[in-house]
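Engineer: Below you'll find the structure I mean.
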Amino acid sequence: MVLLPWQTGAGPATTFFLGGEFATLVGLTAINAQSRRRLESRRRVTEQRAETLLEASADTVLAVGRDGTLKYVSGSIKQLLGFDAAELTGSRVAQVMTADRLGELHDFMNRMLNLPIGQSLRVESRLRNAAGEWVYVDVMGTNWINNPDLQAVVVSLRDIGARRELEQQLSRQAFTDSLTGMPNRVRFRQQLEEAVGDGGEAPVTVLLLDLDDFKLVNDNLGHSAGDELLTTIAERLRAQVRPDDVLARLGGDEFAILLRDLDPADASGLAERLLAAAREPIRLGSRDVTCSLSIGIATLTGMEPDTAGMVAAEQLLGNADLAMYAAKRAGRNAYAIFDPTMTMSVLEEAQQRADIEHALEHEEFLVLYQPVVDMHTQRLTAVEALVRWQHPRDGLLGPYHFIAGAEANGLIVPLGRWVLRQACAQLAQWRAESPAAAGLHVNVNLSARQFQYAGLVDDVAAALADAGLDAASLTLEITESMLMADIETAKDTLHALRRLGVRLAIDDFGTGYSSLSYLKQLPVDVIKIDKTFVDEVHIDEDDVALVDAVAGLGAALKMQTVAEGIETDEQWATLRRLGIDHGQGYLFGRPAEPADIAGMLAANRTADLAGA
């Protein structure tokens with residue numbers, strides 16, 4: 001600028017103007033440079049923040065190029081698989097995968113690349129970690145391959161080992177009898193259906209075994225002696241069958257054996273050996289007990305063109321059941337082979353149906369109520385409605401004497417409707433008579449047929465309206481097996497009930513199999529832990545682990561947990577320590593008349609006034 005006038009002969013005005021232009025240019029350049037430095041600094045901070053968040057996340061994030069190159073690997077892969085992120089970055093995915101997983105990898109990448117941009121795909125898989133051990137992961141991939149900034153498939157990996165372990169525990173429980181370790185009813189039905197469905201010429205034989213007068217052992221010697229008797233009998237039965245035969249405990253004192261490729265005539269010989277083994281005396285405490293079996297035998301052979309492929313597993317089991325009852329009617333400690341002329345049981349069922357219809361008409365049924373208490377304060381919070389039959393000839397009958405028959409002949413629907421209305425009316429009466437009942441809830445069990453009944457929601461709404469109860473006062477209990485029989489229909493029914501405002505509980509949780517993913521989708525408020533997990537929770541580490549897991553699951557899903565069948569202080573203390581919310585069992589109260597529940601409410605009220 002100093003030399004400009006002399007070199008160009010420019011006047012002062014021109015020099016001043018050009019100087020201004022140069023100054024403006026320099027200023028703009030400086031401002032632009034400063035802005036670029038600020039943006040670059042902000043970008044680095046943002047990238048560092050994102051990197052820090054990814055490092056802190058339990059999920060591992062990968063960016064995979066079209067050719068399978070790992071363009072980015074988050075540091076959390078060290079915790080998940082034990083690999084170093086820096087060493088993996090730049091390598092191909094195929095180089096770090098075992099050969100047996102390459103096919104699955106290629107299929108996954110092809111599916112991802114065929115997705116529209118921004119669309120995701122989720123699968124569950126397993127990978128080997130640096131130590132060569134399998135790690136089960138949830139894989140979420142999103143296609144950003146055509147995004148100019150990413151040009152990669154972004155994959156998120158999450159460890160689901162703990163969840164799978166819990167699901168496997170529940171699955172094992174669903175198919176295994178906890179007392180004997182044998183397959184349970186669900187598993188036996190599956191194997192029977194498979195055997196019948198295979199077809200072929202080989203006969204399929206079912207033996208149904210019932211332990212005679214087992215109830216007397218339970219009543220006279222206690223449940224622990226009854227369990228010991230069952231396990232002893234189970235071992236004796238196991239010793240008589242072939243390794244490939246299926247021996248299962250269907251529940252209670254009932255066992256079943258599935259035989260393939262056995263001549264039907266040889267089944268009689270096996271039945272005689274089983275009867276002889278069961279008759280051997282068993283030492284229970286200080287007493288020797290002798291028991292017997294009633295065995296029913298039914299066979300399906302492929303040589304019968306009129307029946308092969310048409311007689312379902314359910315029919316075969318039903319035939320064995322008819323034969324077993326024929327053995328009982330013949331005096332027990334015997335076996336009987338199914339004969340189509342065995343119609344006596346059908347006549348008996350018809351008579352039972354008539355008796356139940358008469359009982360409903362003449363109000364011979366009654367409802368008892370078992371307390372559900374707060375685990376810490378023992379305060380009464382709810383009652384479970386339990387139906388009994390005041391039979392004019394046989395006296396007070398428990399549900400085992402008539403529920404199965406009512407379920408089979410369809411009368412369980414009107415009977416369940418009656419119990420529901422009685423329970424709602426009784427709760428309304430307690431609330432009218434005592435302020436202490438203001439927060440009391442009533443639980444009512446739904447049978448499988450009731451749950452499938454199209455008018456269920458209307459029945460519930462009518463019972464609540466007639467009693468003048470708010471819907472939240474009623475909790476309906478449904479078993480896991482009922483839910484999983486048809487999960488989509490079950491979800492629709494549960495949501496319809498939820499729209500009424502009633503609370504929903506899964507009863508006998510753990511004895512059926514409900515995937516955790518399904519449980520999360522269901523509008524359930526309460527998980528009731530089955531008595532089989534409570535019986536030895538104070539001494540059995542496996543039961544402790546499972547109850548602890550269910551308690552954690554309930555807390556995570558914001559569900560209330562109730563433990564059933566609490567009978568001792570040790571069980572109570574252990575369950576409290578594990579975080580179970582509420583309890584039910586003989587320790588807190590047996591099924592009682594409405595007046596007895598009113599007495600408990602009055603005691604609660606007195607305690608409240610004394611505390612005030």
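The values are calculated or read from the model by the stated rules, or taken from the named source; none is laboratory data. Everything numeric in this text was worked out from a predicted model, so none of it was measured. Don't worry about glycine lacking a Cβ; one is built from the backbone with ideal geometry, like all the others, and counts go over all protein chains shown. These area figures cover heavy atoms from the full protein model, side chains too; ligands, DNA and RNA do not enter into them. Shrake-Rupley method; radii C 1.70, N 1.55, O 1.52, S 1.80 Å.
Engineer: Looking at segment 195-290, what helices (runs of 4 or more DSSP H) fall wholly within it and have at least 3 residues that are more than 27 Å from ASN319 (Cα to Cα) and among the small types (Gly, Ala, Ser)? Spell out how you get there, then give the answer.
Structural biologist: Numbers: elements: 214-221, 223-240, 264-279.
Fully inside segment 195-290 and qualifying: 223-240.
Engineer: Looking at (1) closer than 30 Å to SER125 by Cα; (2) surrounded by fewer than 17 Cβ atoms within 10 Å (Cβ to Cβ); (3) touching a helix residue (DSSP H, G or I) at 6+ places or on another chain (Cβ under 8 Å), which is the one condition that is false for GLN168?
Structural biologist: All conditions are met except number (3).
Engineer: Select from segment 479-514 the residues that are modelled with pLDDT of 80 or more and not hydrophobic (A, V, I, L, M, F, W, C) and list them in ascending order.
Structural biologist: First, the residues of segment 479-514 that are modelled with pLDDT of 80 or more: 479, 490-509.
Hits for segment 479-514 are THR479, LYS491, ASP492, THR493, HIS495, ARG498, ARG499, GLY501, ARG503, ASP507, ASP508.
Engineer: Mind checking whether some residue in segment 139-149 is surrounded by 16 or more Cβ atoms within 10 Å (Cβ to Cβ), over 14 Å from ALA63 (Cα atoms) and aromatic (Phe, Trp, Tyr)?
Structural biologist: no
Engineer: Let me ask you something else. Quick check on my filter: what residues within segment 87-129 are exposed (fewer than 15 other Cβ atoms within 10 Å of the Cβ), among the aliphatic types (A, V, I, L, M) and at pLDDT 85 or above?
Structural biologist: Correct list: LEU113, ILE117, VAL123.
Engineer: Can you pull out every residue in segment 171-199 that is surrounded by fewer than 17 Cβ atoms within 10 Å (Cβ to Cβ) and among the acidic types (Asp, Glu)?
Structural biologist: Within segment 171-199, GLU193, GLU194, ASP198 meet the criteria.
Engineer: Oh, and also: Hey, any hits in segment 563-573 for a residue that's in contact (Cβ under 8 Å) with a residue 24 or more places away in the chain, open to solvent by less than 20 Å² (accessible area, probe 1.4 Å) and over 30 Å from GLN422 (Cβ atoms)?
Structural biologist: Looking for residues that are in contact (Cβ under 8 Å) with a residue 24 or more places away in the chain, open to solvent by less than 20 Å² (accessible area, probe 1.4 Å) and over 30 Å from GLN422 (Cβ atoms), one finds at least one in segment 563-573, hence yes.
Engineer: Check whether at least one residue in segment 430-438 is hydrophobic (A, V, I, L, M, F, W, C), open to solvent by 40 Å² or more (accessible area, probe 1.4 Å), outside any helix (DSSP H, G or I) and at pLDDT 90 or above, and report yes or no.
Structural biologist: The answer is yes, given that some residue of segment 430-438 is hydrophobic (A, V, I, L, M, F, W, C), open to solvent by 40 Å² or more (accessible area, probe 1.4 Å), outside any helix (DSSP H, G or I) and at pLDDT 90 or above.
Engineer: Keeping to segment 445-480, report how many residues are assigned to a helix (DSSP H, G or I) and under 18 Å from VAL413 (Cα atoms).
Structural biologist: Of the residues in that region, 14 qualify.
Engineer: Please specify each residue of segment 537-549 satisfying the condition of being under 17 Å from SER178 (Cα atoms) and either among the acidic types (Asp, Glu) or within 15 Å of the chain's Cα centre (by Cα) (or both).
Structural biologist: Restricting attention to segment 537-549, the residues satisfying the condition of being under 17 Å from SER178 (Cα atoms) are 537-547.
Residues satisfying the conditions are ASP540, GLU541, ASP542, ASP543, LEU546, VAL547.
Engineer: So, one more: Which is surrounded by 19 or more Cβ atoms within 10 Å (Cβ to Cβ), at pLDDT below 85 and either small (Gly, Ala, Ser) or out of contact with any strand residue (DSSP E or B) (no Cβ under 6 Å at 6 or more places or on another chain) (or both), of ALA320, ALA326?
Structural biologist: On the way: ALA320 fails: at pLDDT below 85.
Of ALA320, ALA326, the one residue that is surrounded by 19 or more Cβ atoms within 10 Å (Cβ to Cβ), at pLDDT below 85 and either small (Gly, Ala, Ser) or out of contact with any strand residue (DSSP E or B) (no Cβ under 6 Å at 6 or more places or on another chain) (or both) is ALA326.
Engineer: Is it the case that some residue within segment 596-603 is among the acidic types (Asp, Glu), out of contact with any Lys or Arg (no Cβ under 8 Å at 6 or more places or on another chain) and closer than 30 Å to PHE365 by Cβ?
Structural biologist: There is at least one residue in segment 596-603 that is among the acidic types (Asp, Glu), out of contact with any Lys or Arg (no Cβ under 8 Å at 6 or more places or on another chain) and closer than 30 Å to PHE365 by Cβ.
Engineer: If you don't mind, there's one more thing I want to ask. Taking the condition over 24 Å from GLN584 (Cα atoms), charged (D, E, K, R) and open to solvent by 20 Å² or more (accessible area, probe 1.4 Å), does ARG499 pass?
Structural biologist: yes
Engineer: Consider ASP466 carefully, then state whether it is exposed (fewer than 15 other Cβ atoms within 10 Å of the Cβ) and at pLDDT 95 or above. Lay out the reasoning, then the answer.
Structural biologist: Numbers: exposed (fewer than 15 other Cβ atoms within 10 Å of the Cβ): yes; at pLDDT 95 or above: yes.
For ASP466, the condition - exposed (fewer than 15 other Cβ atoms within 10 Å of the Cβ) and at pLDDT 95 or above - is met.
Engineer: From the residues in segment 399-429 that are closer than 15 Å to ALA465 by Cα and of a type in the set (S, T, N, Q), which one is surrounded by the most Cβ atoms within 10 Å (Cβ to Cβ)?
Structural biologist: Across segment 399-429, the extreme among qualifying residues is GLN422.
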